[in-house]
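Worksheet: the structure to be examined is printed underneath.
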Amino acid sequence: MWEETRQAEERKVESMSSFESFGLNRRVLQAIHDMGFEEPSPIQAACIPVVLEGRDVIGQAQTGTGKTAAFGIPLVERVSTEPRVQAIVLTPTRELAIQVAGEIRKIAKYKRVRSVPIYGGQSIVHQIRALKQGVQIVIGTPGRVLDHIHRGTLSLSDVRMVVLDEADEMLDMGFIDDIEAILRETPSDRQTMLFSATFPNEVKRLALRYMRDPQHITVNRGEVTVPQIDQVCYKVLERNKLDSLCRIVDSEDIQLGIIFCRTKRGVDDLVEALLARGYLADGLHGDLSQAQRDRVMRKFRKNEIELLVATDVAARGLDVDDVTHVINYDVPQDPESYVHRIGRTGRAGKRGLAITLVTPREYKLLKQIEREIKQKITVREVPSLEDVAERQAEMWRSKIVDVIREGGLAPYRAILSGLVDEHDPIDIASALLKLASSGDGNRTESDEYDFGDTGARPGMVRFFVNVGRTSRMSPQDFVRAISEEAGVPGDAVGRIDMFEKFTFIEVEEESAPFVYEALRQSRINGTRVNLEPAKPRSSRR
Ligand code: ADP
Ligand code: MG
């Protein structure tokens, strides 16, 4: 019966909607504005109004489509400032708990709503203290949440909203009992939201048991027509994205390029960084006045800029024919906007190239876009790490020379005077450089990909996979999965050691983050597979 509801209520996403149209509190709107979001992503446009109505919702969309804000915004909007836990979000991993908590905190910036992430591996005492401060929204991993409930340090009796984020992954990780136990601790008239990239039977069953007449919202849509444009992608890490972009730009003969960013903030930051590196760039986004916009467009048409950095919204009204390159600095959130973006080049019968930068976390999203547009996006060699490193070194050298030229160093000299007697000046300078460069950018834990010592040969990372010969999997199956799911060619895969119940696989360091993100929770030939960095031999059980 519920299957029918699902079909009847599957929502087509309205193409035009704005955050203003949701009737949100002014403070929440301001916070969204500060985050640089110009308009709701498709899953947000479809989910937010329904969640605000108080209905149960199943939101199904690929990673990177903005599911966090799809529930985060209505959550912050609907909780009161009373210091009771009114909403709980369950996530499969601590990284995700931290990430979701960070996004919710930004949405709640101007509202007196507190949120706290609770997860295993962090001191429980610290978390108990945080919970005692009176928080309205708790974001946690199932195990740790249950732990707090049992200790009596977290009560869910006032919870009105429950979110199961990445439900498919939580179930794959075996959290079903914990999730059910937690749901039983919440009032039965709660609102339940479930978000998931896929919708396998286990998730369906969970929804059937614990949700009331849920509206199933999916943004995996049908046909899109794609212009014939050469499309390539480069696999990059978040932390050297900018340098990779510069390398790519340098290696292309760009007459006019449009670089797309997801947010207004992203546009501003990237323009500034490009200008600092000597590129002729300018930005376009929804916060600019018409006069500012006209000025940028004039420069663009007169070839005074080579790179125009823009959001989707800003580029929508753009009418230029000579764009030689479209670069997606972020993977767009849906096939339509991908098609829209790349359609900016190759117009009027000219050749164009569409380039997409893709991080390990975004790779699945790009694969999905590729499937839906039914066109091949060729993976190009990652710009060599040495090149990127040399670029960074060059930038530091010139920054240092600039600072020396500027002068005004006397107070700093005073700090160093005592050190010079005991240490080599080059060592001191190097140490300072190390300090300065580690504070560079805003790295998050999740995009570091430090797999530690995995007992692999130099230049390789060794992964442990929880299936072996008994699952009738062959080494070729692994190589194929790695190539298909992570876009990593067979020659980047090293030794594969298969045992009865598990397997070790070595892959080249550069490819490791992509292999990890693509396969850490996955299915190969229908078998559920879990992949994690191996432990070095000495510490292996
Ligand atoms: P998912 O949970 O679907 O994997 P996330 O919620 O993590 O996706 O969002 C992916 C990225 O997109 C995040 O960096 C987020 O800040 C950004 N984002 C989300 N919604 C929007 C929006 N409406 N406009 C621009 N960027 C957005
Ligand atoms: Mg998410």
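The values are calculated or read from the model by the stated rules, or taken from the named source; none is laboratory data. Quick caveat: nothing in here was measured; it's all calculated off a predicted structure. Positions of Cβ are generated from backbone atoms using ideal geometry, with glycine treated the same way; all protein chains shown enter the neighbour counts. Surface accessibility is based on the protein's heavy atoms, side chains included, excluding ligands, DNA and RNA. Shrake-Rupley method; radii C 1.70, N 1.55, O 1.52, S 1.80 Å.
Here's how it looks for Gln521: its modeled amide H is under 5 Å from those of Leu531, which are all 5 or more places away or on a different chain.
For the chain, what does the helix formula give at 222 nm: sum of -39500 (n - 2.57) over DSSP H segments with n ≥ 4, over the residue count, nearest 500 deg cm²/dmol? Kindly include the intermediate steps, with their values, before the conclusion.
Numbers: 21 runs with 228 residues, N = 541.
That comes out to -12500 deg cm²/dmol.
List the relative contact order of the chain as a percent without decimals, with contacts defined as Cα pairs under 8 Å and 6+ residues apart. Working shown, then result.
Working: 906 pairs, mean separation 69.7, N = 541.
13 percent.
Distance cut-off 26 Å, Cα to Cα: go down the list Lys204/Lys235; Lys67/Lys106; Lys111/Lys264; Lys302/Lys376 and report the pairs above it. Over 26 Å apart, Cα to Cα: Lys204/Lys235; Lys302/Lys376.
Work out how much length Val401 to Val313 would gain on full extension: take 0.36 nm times their residue separation and subtract the Cα-Cα distance, in nm to one decimal. Write down the numbers at each step before the final one.
Details: separation 88, 0.36 × 88 = 31.68 nm, distance 4.00 nm.
Stretched out fully, the Val401 to Val313 stretch lengthens by 27.7 nm.
The accessible-area ordering, largest first, of the residues Met173, Met473, Met460 stands as Met173, Met460, Met473, per a 1.4 angstrom probe. If only the Cβ of Lys and Arg carry +1 and only the Cβ of Asp and Glu carry -1, the dipole of region 128-206 around its Cα centre is close to 420 debye.
Using 0.36 nm times the number of residues separating Ser123 and Arg528, minus their current alpha carbon distance, what extension gain do you get? Show your work: numbers first, answer last.
Values: separation 405, 0.36 × 405 = 145.80 nm, distance 3.18 nm.
Result: 142.6 nm gained on full extension.
Using only side-chain charges placed at the Cβ, +1 for Lys and Arg and -1 for Asp and Glu, the dipole size of the chain relative to its Cα centre rounds to 1060 debye.
For region 161-169, 3J(HN,Hα) computed residue by residue from phi via the Karplus equation (6.51, -1.76, 1.60; θ = phi - 60°) reads 10, 10, 10, 9, 8, 6, 4, 4, 5 Hz, glycine and proline entered as x. Each Lys or Arg adds one and each Asp or Glu subtracts one; over the other residues with Cβ under 11 Å from the Cβ of Gly134, this totals +3.
Amide H contacts of Thr356: Val232, Cys233, Tyr234, Asn328, each under 5 Å away and 5 or more positions distant or on a separate chain (H built 1.01 Å from N in the peptide plane; Pro and chain starts excluded). List the lysines whose alpha-carbon lies under 18 Å from that of Lys399, not counting same-chain residues fewer than 8 positions away? Partners within reach: Lys434. When both region 231-261 and region 168-206 are represented by their alpha-carbon centers, they are found 40 Å apart.
For Ile58, the residues 5 or more places off, or on other chains, whose built amide H falls under 5 Å of its own are Leu194, Gln215, His216, Ile217.
Charge tally for Val358 (other residues, Cβ to Cβ under 12 Å; Lys, Arg +1; Asp, Glu -1): +1. Were the residues from Arg469 through Ser155 laid out at 0.36 nm apart, the gain over their Cα-Cα distance would be 108.5 nm.
For the peptides 416-425, 26-35, residues were scored by their other Cβ atoms within 10 Å and the scores averaged per peptide; the highest-first order is 26-35, 416-425.
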